[in-house]
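To start, the structure under review is shown below, and the notes come after it.
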Amino acid sequence: MSFFTEYNEEYTMKLFKEEGREEGRAEGREEGRAEGREEGRAEGRKEGRAEGREEGKVEGKVEGRAEVWSFMEKLMKEGKMKEVQRAIVDSEYRDQLYREYALIAE
């Protein structure tokens with residue numbers, strides 16, 4: 001018993017085209033997903049950095065204010081009210097006091 005099928009070029013080409021389309025779609029979907037993931041990661045990193053910088057600024061301001069008021073309190077406890085009053089309005093003098101009390105490097 002022998003089975004022979006007639007070769008149908010048009011049908012065969014149609015099958016190859018469909019197979020090629022499906023492979024192309026699959027590759028395109030995978031490439032699109034990969035690009036989307038990379039874009040998402042890049043955007044996430046960018047947003048994360050921006051949020052981190054903003055949080056850092058807020059934390060820095062809070063810490064800076066606490067240090068300033070702690071320093072002013074220290075001066076007041078030492079009876080240096082004139083220095084406190086001057087430091088409040090004169091930033092150069094304030095920096096001089098910071099250096100004297102080793103709060104900033106020279």
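The values are calculated or read from the model by the stated rules, or taken from the named source; none is laboratory data. Bear in mind the structure is a predicted one, so any value in this text is a computation, not a measurement. Cβ: placed from backbone, ideal geometry, glycine included. Neighbour counts: every protein chain shown.
Descriptive notes on the structure:
- Long-range neighbours under 7 Å by Cβ, at least six apart or interchain, first residue modelled with pLDDT under 95 within the range 77-100, second acidic (Asp, Glu): Leu97/Glu83; Arg99/Glu106
- Some residue of the range 91-101 being at positive phi and not in a helix (DSSP H, G or I): no
- Subset tally (residues that are over 22 Å from Arg94 (Cα atoms) and among the hydrophobic types (A, V, I, L, M, F, W, C)) for the range 31-74: 4
A quick yes/no check of all residues on (1) out of contact with any Asp or Glu (no Cβ under 7 Å at 6 or more places or on another chain); (2) more than 30 Å from Tyr101 (Cα to Cα); (3) among the β-branched types (Val, Ile, Thr):
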{"residue": "Asn8", "(1), (2), (3)": "yes, yes, no"}
{"residue": "Thr12", "(1), (2), (3)": "yes, yes, yes"}
{"residue": "Lys17", "(1), (2), (3)": "yes, yes, no"}
{"residue": "Glu27", "(1), (2), (3)": "yes, yes, no"}
{"residue": "Gly36", "(1), (2), (3)": "yes, yes, no"}
{"residue": "Arg45", "(1), (2), (3)": "yes, yes, no"}
{"residue": "Glu51", "(1), (2), (3)": "yes, yes, no"}
{"residue": "Ser70", "(1), (2), (3)": "yes, no, no"}
{"residue": "Met81", "(1), (2), (3)": "yes, no, no"}
